[in-house]
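I have placed the structure first, in the form of structure tokens, so that the comments after it can refer back to it.
Nothing in this text is a laboratory measurement; each read-out follows from the coordinates by a stated rule. Quick caveat, the model's predicted, so the values are computed rather than measured. Glycine also receives a Cβ, built like all others from the backbone with ideal geometry; neighbour counts cover every protein chain displayed.
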Amino acid sequence: MPDSISNIPTHVAIIMDGNGRWAKARGLPRIMGHKKGAEALRSALDACMKAGSRYLTIYAFSSENWKRPIVEISDLMELLRTFLDKEIAALHRGGIQLKVIGDLSKLAPDIRAQIEGAEALTKDNKKFNLIVALSYGARQEIIQAMRKVAELSASGRIAPDTIDESFISSLLYTHAIPDPDLLIRTAGEQRLSNFLLWQSAYTELYFTSVLWPDFTPKHLQEAIAEYSNRERRYGTRSE
Ligand code: FPP
């Protein structure tokens, strides 16, 4: 990262899109694109840490991804098993805390156990935070928060005027995690696809046509450089 970049995003979020297209362009099965995508993730994580960010949230599997062919789902779950099995010791050594967010009730019990083990192992790490959105959908996240509000209200434990932004934030999967500063989506699509809808209200969005498996630390540095040149006003007027 060049010395001239001073305004580094504390929290980077990434929609890692284009694995399938990357594989198709090479006549390979889709899983090869996801495998190469997992490698790109490892480099992006290192690059985020080097740049001085503190949080990286990745969209690894959306609630809509359950509608993909069963073979692709099981390939992705196997990749996740391998990732948790092979990478967790290195993440722990690197001082990285892992957190998985989403509707984990839909995952196989062995993966849930792996996730619980990995979260418990890394829970006191303070150097960096990797948040993996898995079986995640932002509307579903907001619905489960609203259900809690309804329960608390029905039992008389909250009054309507105690409901504010920080209260809602505290009921989301991401409570205790700052909102993303920079959200990157690869592979040319320019939408949020149900990712961190509440949390990205003021997030800077960065779209690139690079397919996720081709995304290198240089691309991340370019995104951060562009972020650092933008002026964030949070709805206020410019001077
Ligand atoms: C989108 O590409 C990507 C995914 C649905 C999965 C992302 C998963 C990884 C990068 C694997 C690594 C993650 C972990 C935690 C092991 P796409 O299949 O929608 O691509 P396409 O739009 O080109 O078809």
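Determine, from the Cβ-Cβ distance of residue 146 and residue 175 and an R0 of 22 Å, the FRET efficiency 1/(1 + (r/R0)^6), rounded to the nearest 0.05. Display every interim value, and only then the final one.
Numbers: r = 15 Å, r/R0 = 0.67.
Result of the calculation: an efficiency of 0.90.
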Checklist entry - Per-residue ellipticity at 222 nm for the chain, helices alone: DSSP H runs ≥ 4 residues times -39500 (n - 2.57), over residue total, nearest 500 deg cm²/dmol? => result -14000 deg cm²/dmol
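Gain in length, residue 89 to residue 72, computed as 0.36 nm per residue apart minus the alpha-carbon separation, to one decimal in nm? The partial results should precede the final answer.
On the way: separation 17, 0.36 × 17 = 6.12 nm, distance 2.66 nm.
This chain segment gains 3.5 nm when fully extended.
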Item to check | Karplus (6.51, -1.76, 1.60) ³J(HN,Hα), θ = phi - 60°, over the range 197-214, in Hz, Gly and Pro reported as x | outcome: 5, 5, 5, 9, 3, 10, 6, 6, 9, 9, 10, 9, 7, 4, 6, 3, x, 8
Item to check | For residue 62, residues with placed amide H under 5 Å, excluding near neighbours | outcome: 135, 136
Checklist entry - In sequence order, what are the phi-derived ³J(HN,Hα) couplings for the range 176-186 according to the Karplus relation 6.51 cos²θ - 1.76 cosθ + 1.60 with θ = phi - 60°, rounded to whole Hz, with x for glycine and proline? => result 6, 10, x, 4, x, 8, 9, 10, 9, 10, 8
Checklist entry - With the chain treated as a Gaussian network of Cα nodes joined by springs under 10 Å, which of 200, 166, 209 yields the largest mean-square fluctuation? => result 166
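What is the Å³ per residue value for the convex hull set by the Cα atoms of the range 153-239? Don't skip to the end; give the middle numbers.
Values: hull volume 12.8 nm³, N = 87.
For the range 153-239, the hull spanned by Cα atoms encloses 147 Å³ per residue.
Evaluate Rg over Rh across the chain, taking Cα atoms for both radii and Kirkwood's formula for Rh.
Values: Rg = 18.4 Å, Rh = 18.9 Å.
Checking Rg against Rh, the ratio lands at 0.97.
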Checklist entry - Which of 27, 117, 137 moves the most in a Gaussian network model of the chain with Cα springs under 10 Å? => result 27
Next on the checklist: For a quick check: with amide H placed at 1.01 Å from N, whose amide H comes under 5 Å from residue 57's, ignoring anything fewer than 5 positions away on the same chain?
Outcome noted: 12, 13, 14, 131
Next on the checklist: Report, in listed order, any pair from 50/148; 106/148; 86/123; 24/127; 67/126; 123/218 with a Cα-Cα distance greater than 27 Å.
Outcome noted: 50/148; 24/127; 67/126; 123/218
Next on the checklist: Rounded to the nearest 20 debye, what is the charge dipole size of the chain about its Cα centre when +1 sits on each Lys and Arg Cβ and -1 on each Asp and Glu Cβ?
Outcome noted: 440 debye
Item to check | Among 57, 186, 208: highest mean-square fluctuation, GNM of the chain, C-alpha pairs under 10 Å | outcome: 208
Checklist entry - What list of ³J(HN,Hα) couplings, whole Hz, do you get for the range 27-37 from phi and the Karplus terms 6.51, -1.76, 1.60, once you set θ to phi - 60° and write x for glycine and proline? => result x, 9, x, 3, 4, 5, x, 5, 4, 5, x
Checklist entry - Label-point separation (nm) for residue 81 and residue 225, each offset 7 Å from Cα along Cα-to-Cβ? => result 4.2 nm
Checklist entry - Of all GluC sites (Glu not before Pro) in the range 183-233, which ones are in loop regions per DSSP and have a Cβ with at most 16 other Cβ atoms within 10 Å? => result 189, 231
